[in-house]
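The values are calculated or read from the model by the stated rules, or taken from the named source; none is laboratory data. Quick caveat: nothing in here was measured; it's all calculated off a predicted structure. Methodologically, a virtual Cβ is constructed for each residue, glycine included, from the backbone with ideal geometry; neighbour enumeration extends over all protein chains shown.
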């Protein structure tokens, strides 16, 4: 009887592992599409969840996240993303500053060695 229990336990674990490894991952675009489809109210939430094989709770979680993100964006709570030109300019400035620091370190070492020789 103990052997059957161990076998059942490993079977359950095996099934859980398979489910975990085969779990579908929805992209943000897919989530938005599903939420927007529900907002059009052409189908009920239950029908949409069946159509995409997702749990109602999962849909409502995405819906809440979608609405919260929209609220934050409209309220101006989000920080503006840097454009690629800004990033390139910041990288150039960073490189220039690194070169200045390297030059100052070399000058410091030269002055320090000169002072050590004089003492």
Original post:
When both residues are 6+ apart or on different chains and their Cβ atoms are under 7 Å apart, which pairs have a first residue that lies in the stretch 67-92 and is within 21 Å of residue 34 (Cα to Cα), and a second that is part of a loop (DSSP other than H, G, I, E, B) and at pLDDT below 85?
Top reply: 72/78
Subject >> First in the stretch 39-54 and without any contact (Cβ under 8 Å) to a residue 40 or more places away in the chain, second anywhere and in a loop (DSSP other than H, G, I, E, B), Cβ under 9 Å, 6 or more apart >> reply: 48/54; 49/55; 51/43; 52/26; 53/24; 54/24; 54/26
